1. Taking the Cα centre of the stretch 98-246 as the origin and placing charges on Cβ (Lys, Arg +1; Asp, Glu -1), which of Tyr205, Pro117, Trp242 is farthest toward the positive end of the dipole?
2. Where the convex hull is taken over the Cα atoms of the stretch 141-235, what is its projected area averaged over directions, in nm²?
3. Radius of gyration and Dmax for the chain's Cα atoms, expressed in Å?
4. Less than 15 Å from a label point 7 Å out along the Cα-to-Cβ axis of Ile31: which backbone N atoms in the stretch 95-122 qualify, by residue?
5. Let me confirm the definition first: pairs of Lys residues in the chain, 8 or more apart or on different chains, C-alpha distance under 22 Å. How many are there?
6. Relative contact order, percent, of the stretch 2-132 when contacts are C-alpha pairs under 8 Å separated by at least 6 residues?
7. Suppose every K and R has +1 on its Cβ and every D and E has -1 on its Cβ; what is the size of the dipole of the chain about the Cα centre, in Debye to the nearest 20?
8. Given contacts defined as C-alpha pairs under 8 Å and at least six residues apart, what's the relative contact order of the chain, whole-number percent?
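Just so you know, all these numbers are worked out from the coordinates, no wet-lab data involved. The structure displayed is predicted, hence computed values, not measured ones. Here the Cβ positions follow ideal geometry from the backbone for every residue, glycine too, while neighbour counts run over all protein chains shown.
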Amino acid sequence: MQASSYAENELKRFRRGQSWKINLFGKNSDIATPDPQAFRLDLNAHQKLDSHFHIVDQFQVFIAGSGTIGRDQVHLITVHYADHHTGYGPLIAGEQGLSYLTLRSKTDAGLVYLTTPNVREKLKPTKRRHRVSPPVALSIEPVLRDRTTVSIDTIIEEQPGDDGMNVKVIRLGPSMTVQAPDPSKSGGQYLIVLNGSLLLDGQTYTPYSLVFVRSTDEAPMLLAGDGGVEVMVTQFPSEDDWMQSI
C-alpha cells in the first residue's frame, strides 16, 4: 500500500503544453512499468484531447470545471473507466477548463491517437470495457459532521464479465472507522479522498490525496478525521494476460 498527499504535491504543479499537471504517483514516461501512476490534469478553456487509447487500464475522476467525454457530459463528480487498448474521447474542456485525476495501476507508455497510421496493428486483445458514471454528490460540511452511520454507495456497479471492476463511495462521520473493500480479487484499488480528511498510519490526508492498494495488500482500515470523510474506491478488474505482462 502506498499513499500520496495532494497537499504536499500541489505545489509541484507544472505547465505541460496547454495543460497543467500534478504528479501524485510516478512520473511522465514513454515506457510501461509495473509501478502505479496517478496525476491531476487541468485542461485549459476549450482545450480538446482527440480520441485515443492507453496500453493500461485506467480510471479518470472529473473534479472541477466542465466539459464532455465522447457523447457524455461531465457532471461533477463523474468517473470514467476504460480498459487498456480501448479508445475513448474526445475530451473537450468547457469555458472554465476541466480538471480530472487519472489513476493507473501500472505506468502507461503514452496515449495513442486513433488517427495514428496503422493504429489497428497496435491494438491488443481486451474486453473493451468502457463506463461513465452518473454524477456523484458530496456532503456539505455540516451534514458530513453530523453523520452517525457508515454509508457505502455503489457508483459503478460490477456487471457480468467485469472481473471485479467497480466504484464505490464510503461516507464516514467524525472519527468513524470502517475497513475498505477487499482488494484480493481485483487488479488493485485507488482510494481517493474527496471530502473531509482521512487518517491513515498516523498521517492526515485531505482532498485529493490518494492511497494505492495492491491486490496482495490487506484492506486498510479507514479512520475519518474530526469533520468526517468521503472516500471513493476505484477498483480495477483482475489483470488479464496483457496487464500481467507489464
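1. With unit charges placed on the Cβ atoms, the residue in question is Pro117.
2. Dividing the Cα hull surface by four gives the mean projection, 5.7 nm².
3. 17.4, 57
4. Hits in the stretch 95-122 for Ile31 at 15 Å: 107-110.
5. Taking the Cα cut-off of 22 Å, the pair count is 14.
6. Relative CO of the stretch 2-132 lands at 30 percent.
7. Values: 24 positive and 28 negative charges, 139 e Å.
Approximately 660 debye in magnitude.
8. 20 percent
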